[in-house]
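The values are calculated or read from the model by the stated rules, or taken from the named source; none is laboratory data. On a predicted model such as this, the values are computed, not experimentally measured, just so you know. So basically every Cβ, Gly included, is an ideal-geometry build from the backbone, and we count neighbours across all protein chains shown.
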Amino acid sequence: MVKRSLAVLVLGVILLYGWGGDGQARADQAKDPRAQKAEEAYQKAVEARRALDSTEEKLAVTKKFLDEFPESEHTASAIGAVFYYQGTDLGDMQGAVAFAEAIRAKVSDPEIAKSVDKEMISIYGEAGILPKMLAVADRLSAAGALDFGDHWTIITSALKADNWDLTRGYCGKARKLANAEVYRTEYPDRDLTDEDVAKAVKNREGMLLVSDAWARANQGELDAALSDFATADGLVGRSYIGAPEHDLNLYWGKVLLMKGDHQAAAEKLAVEGLIMRNDEALAGLKKAYVGTHGNETGFDDYTAQLHRSIAKKVDDFELSDYKGERRHFSDLRKDVTLLCFWFPT
Amino acid sequence: MELPRLEALWKTHGNEGFSVVAVEATRDRERAMKFIGEKKLTYHFLENDEKNDVVRDTFGVTSFPTAFLIDREGRIMYHHVGFEKGDEVELERQILELSSDRGGRK
């Protein structure tokens, strides 16, 4: 079976779906000559970007492609890349948004417009321009095209802007999409077992509950929020190092701090603060320590010890190198080892 | 963390008991080898298995790049997802801290 691989660039993280397949397959589809040309130009731009090191040059190559082919099936992802290079990496959010809007204005094909609008939701959200983000969302929603991922993009933008009503409103809307039927419709190309779907739906329910509970806590409903966090704990997935996904423990710890439960807060914040080096979690950990000990004396020794005690031991594994030789990870380790996972984009 | 930026860290700290192991998740051998060659990367590269999907099944990694910094005892002391400018500064700080930390108390 050929699985389609789809890489999505979000805030400097690439999420990869259905890998193990043939990423080139889409290029073989029959197309009109203009689309064929756009496809070739896009592949060339991606190839050129790969060879370049500087963000400015990568940006220029991507913009050149969009100027030449503003309307193609790659418009949305190219706009996303421009926003990442110019906005996130180089810090020119305004310029990046203006460029994206200019390209969007040139798109008339309804399917391409839809995919670009989805990208615009995340661009506006990331740039903190919520009224424009919501206007696009309303337009997509009226066309029945606002999927769970779009809802989630809006929720994370609302959370970042401390907009609790908006957060809760979209959590409510998204909950209607947290079911097996919708999930299967959203990923028609993926080879999903019932077990996969059930797990994904549980995770969706959990992530909405986490966000809604954090908004709730900020509206003063601390106890209700704590009870929701406990429920979400049984729903969301866990990373390899043992942290529940979607910042559950960060929010949970912060609400426990609001309640003055310093001991419990420290337990929740330890992995996020010390292993994932989340600044908010680390600050919360310090607050919890001061709450228990009265002052900051001994905090560094406390965290040094805590850090070692919560750190997960890495599993050994065996894989081949590019000479075809089997290697044990344990043989490659030194006093300090960086293990990273990547794929060529 | 972008792989070419790791080359500099590896060049600087490679003699001080520091190693880098990069696992390519998608078994895209052609592109991977081209990239490694073009960027002249010299640390350890491994390839994910078809039958034994270490990246997803063992480490549950679905966002890239993801990096784990591991100490002498095999403990994962630092976990990082994504790549943004300046990430390598924090990473180098963590490497130095772990290198000076000889297992017990400082």
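Below are the figures for this structure:
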{"item": "Candidates B:E90, B:E97, B:E38 - the one that is facing another protein chain (nearest Cβ under 7 Å), within 17 Å of A:G273 (Cα to Cα) and at pLDDT below 95", "result": "B:E90"}
{"item": "Selection within the range A:302-324 - more than 7 Å from every other protein chain (Cβ to nearest Cβ), out of contact with any helix residue (DSSP H, G or I) (no Cβ under 7 Å at 6 or more places or on another chain) and either farther than 24 Å from B:D28 by Cα or not basic (K, R) (or both)", "result": "A:Q305, A:S309, A:E318, A:G324"}
{"item": "The range A:325-345: number of residues that are more than 20 Å from A:I275 (Cβ to Cβ) and either of a type in the set (D, E) or more than 7 Å from chain B (Cβ to nearest Cβ) (or both)", "result": "6"}
{"item": "Flag for B:G86 being surrounded by 15 or more Cβ atoms within 10 Å (Cβ to Cβ) and on the phi > 0 side of the Ramachandran plot", "result": "no"}
{"item": "Matching residues in the range A:234-265 - criterion: being farther than 20 Å from A:G291 by Cα and within 14 Å of chain B (Cβ to nearest Cβ)", "result": "A:V236, A:G237, A:R238, A:S239, A:Y240, A:I241, A:G242, A:A243, A:P244, A:E245, A:H246, A:D247"}
{"item": "Answer from A:G149, A:G128, A:G144 - the residue that is under 18 Å from the mean Cα position of the chain (by Cα) and on the phi > 0 side of the Ramachandran plot", "result": "A:G128"}
{"item": "Unique residue being in a loop (DSSP other than H, G, I, E, B), away from chain B (no Cβ under 12 Å), out of contact with any Phe, Trp or Tyr (no Cβ under 8 Å at 6 or more places or on another chain) and more than 24 Å from B:P4 (Cα to Cα) when the list is A:T297, A:T231", "result": "A:T297"}
{"item": "Qualifying residue in the range B:42-65 (condition: of a type outside the set (D, E), more than 8 Å from chain A (Cβ to nearest Cβ), surrounded by 15 or more Cβ atoms within 10 Å (Cβ to Cβ) and part of a loop (DSSP other than H, G, I, E, B))", "result": "yes"}
